Amino acid sequence: MKKKDLLYHTILARSFSKNEKKRLGYGAFIASLFFVFTLYTIFKRHLSPLPTMDMQLSVDAGLRMLRVTKTHKPQAFHSNYTISGASESLIIPRTQNNITSNATNTQSLTSSEDPKLSVCSDTSLPKNHLDSFNCSTPTSISNEQSVSDGNKMEETVKCKKQSRTEICELNGDVRVHGKSATILSAITTAFSGNSTWHMRPYARKGDLVAMNRVREWTVKLTQNADELENANFSSRCVTNHSVPAMVFSLGGYSMNNFHDYTDIVVPLFTTARRFNGEVQFLVTNKNQPWINKFKEILRSLSNYELIYIDGEDKTHCFTTVVVGLNRHPEYFKELTIDPSYSEYSMSDFQRFLRDTYSLRNAAVSTGESLPRKPRILILSRARSRAFTNTDEIANAGGKIGFEVVVAEANTGVASFAETVNSCDVMLGVHGAGLTNMVFLPENAVVIQILPIGGFEWLADTDFGRPAKGMNLRYLEYKIVAEESSLVRQYGRDHEVVRDPSAVAKRGWMAFKSAYLVGQNVTVDINRFMPVLAKAFELLQRQSV
């Protein structure tokens, strides 16, 4: 007998023919596939994808957090939380059963920032140069909705990640320890372990230069107050407060007048106003010059002396703590409050400023109701982007029919606010000084002078669109090369004068040095006279 024949003298070989055995193998293979498919169908809903590496606030299955697109205005925060930019939230209800987690989740709300955004989001850089730095607008992330058993429940924790800010509201037993930059919140849900994340309470997220100047805080959730006593620091309450608290930073770009308002003052107003003064400010990154500068605003928004929380080794306890500030949800929006996302508007903010600084003029008089010659304020600058022929500009304004005021914004906010509010037109070269248009009466006129360098997009973003949002009339004057000091410094055919985009390709510092720091303006009066005439004409018309 051949060896090949012996292979068929097994039990199976005696029971099945060779062809039958082959068919049996095929059937077993198909049955195995069916069995695997059945298991996958049964257990599919329990499977979840691996976490992504973009470090966004993850959705924890145990906490039943859900990302969905929501079109209606949210109610938990009475402010600008529904957004068209990046947004993501963590919501934990006060009472909810069957919510468990067996792991400690440490999440960073700020670590997803792209280093290039420190340049791309710097509002001093014109948009038409952004491509030189390979910039792009942040992509959208869907909004959230809490998952519950259908009953209305007060939310204990709500944390919102937006394109330009992060904000958390904690309710219940909340303890703040400044020296360790830790905020502990006890929750009463069936939640085992901790949920921990980090945030920097300054409303210019995405700009690494600014955010690196902001102290990072740790927010931790614990299941009950007993766990708070086992923290690494003494979390036993030393000072109990009867009003809510707000934690915000005075780091970042503070003491730049533009950023003072767009990053801090306006967000502070939209976040704190709803408390009607009954809120305790906890300031991180103490900045005494800033506090002195805006002391009237701080007093108008809070009835209590602010606390410099960073050095506090004792624990402060509250029933509500808000960490971070609201901001307009769209990435490239400055000095703006969108009432569709907030219960306030820029008109409300302007009214607040008039009340805070006792400013008399809510709107300019127009047409025949003008009680006097209209006043024009020429903003002078001591350093860069200064007018070199201020007297000629003032004389031209007088010939048009204006009463001319020349002033620099270095006299204190209250005093300068009164000066601005007394004028009908404000004129200045692109720069932080134009931010003082917030004090102009409605229907006033803003004239922005654009130096060479490709400032069109930047001018519109920082002051053009915001001016219209404040019910101001806006005019723009773009200088030609011969009106720039750069022509005298480099010559008409030099790359700095001829091709600003090429300068931008060499980096932000090169662009800033050439066009923001090294440039002054000599206005061609003949070219500029029609702009002054247009401003005068607008004041003769009824408000728009």
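Take Gly252 and tell me if it is crowded, with 20+ Cβ neighbours inside 10 Å and at positive phi.
On the way: crowded, with 20+ Cβ neighbours inside 10 Å: yes; at positive phi: yes.
Considered against the rule, which asks whether it is crowded, with 20+ Cβ neighbours inside 10 Å and at positive phi, Gly252 comes out as yes.
With respect to Lys399, determine if the residue is among the basic types (Lys, Arg), under 16 Å from Lys534 (Cα atoms), in a helix (DSSP H, G or I) and open to solvent by 10 Å² or more (accessible area, probe 1.4 Å). Working first, answer last.
Working: among the basic types (Lys, Arg): yes; under 16 Å from Lys534 (Cα atoms): yes; in a helix (DSSP H, G or I): yes; open to solvent by 10 Å² or more (accessible area, probe 1.4 Å): yes.
Considered against the rule, which asks whether it is among the basic types (Lys, Arg), under 16 Å from Lys534 (Cα atoms), in a helix (DSSP H, G or I) and open to solvent by 10 Å² or more (accessible area, probe 1.4 Å), Lys399 comes out as yes.
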Looking across the stretch 238-297 at residues that are among the hydrophobic types (A, V, I, L, M, F, W, C) and part of a strand (DSSP E or B), the single one that is farthest from the chain's Cα centre (by Cα) is Val238
Can you list residue pairs whose Cβ atoms sit under 8 Å apart, with the first residue in the stretch 504-528 being under 17 Å from Arg383 (Cβ atoms) and touching a residue at least 24 places away in the same chain (Cβ under 8 Å) and the second being outside any loop (DSSP other than H, G, I, E, B) and open to solvent by 70 Å² or more (accessible area, probe 1.4 Å)? Count only pairs 6 or more apart in sequence or on different chains. Gly518/Gln489
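Is it the case, given these coordinates, that Gly464 is in contact (Cβ under 8 Å) with a residue 24 or more places away in the chain and not aliphatic (A, V, I, L, M)?
On the way: in contact (Cβ under 8 Å) with a residue 24 or more places away in the chain: no; not aliphatic (A, V, I, L, M): yes.
Answer is no for this residue.
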Determine the pairs where a residue that is in contact (Cβ under 8 Å) with a residue 40 or more places away in the chain and closer than 14 Å to Gly428 by Cα, located within the stretch 376-404, has a partner that is small (Gly, Ala, Ser) and outside any loop (DSSP other than H, G, I, E, B) with Cβ atoms under 6 Å apart, the partner being 6 or more residues away or on another chain. Ile376/Gly397; Leu379/Gly428; Leu379/Gly433
Residue satisfying all of: in the stretch 521-544; of a type in the set (A, V, I, L, M) and open to solvent by 40 Å² or more (accessible area, probe 1.4 Å); nearest to Glu442 (Cα to Cα) among these: Val544
Candidate set: the stretch 326-365, residues that are of a type in the set (S, T, N, Q) and either touching a Lys or Arg at 6+ places or on another chain (Cβ under 6 Å) or over 29 Å from Glu408 (Cβ atoms) (or both); chosen: the one modelled with the lowest pLDDT: Ser340
Looking only at residues that are open to solvent by less than 30 Å² (accessible area, probe 1.4 Å), of a type outside the set (Ser, Thr, Tyr) and assigned to a helix (DSSP H, G or I) in the stretch 326-358, which one is nearest to Lys468 (Cα to Cα)? Met346
Give the residues of the stretch 482-520 that are open to solvent by 10 Å² or more (accessible area, probe 1.4 Å), over 33 Å from the mean Cα position of the chain (by Cα) and not acidic (Asp, Glu), sorted by residue number. Ser485, Val487, Arg488, Gln489, Tyr490, Gly491, Arg492, His494, Val497, Arg498
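The values are calculated or read from the model by the stated rules, or taken from the named source; none is laboratory data. Keep in mind that this is a model prediction, so the values were computed, not measured. All Cβ positions, even for glycine, are placed from backbone atoms using ideal geometry, and neighbour counts span all protein chains on display. Heads up: the accessible areas ignore ligands, DNA and RNA and are worked out on the full protein's heavy atoms, side chains in. Shrake-Rupley method; radii C 1.70, N 1.55, O 1.52, S 1.80 Å.
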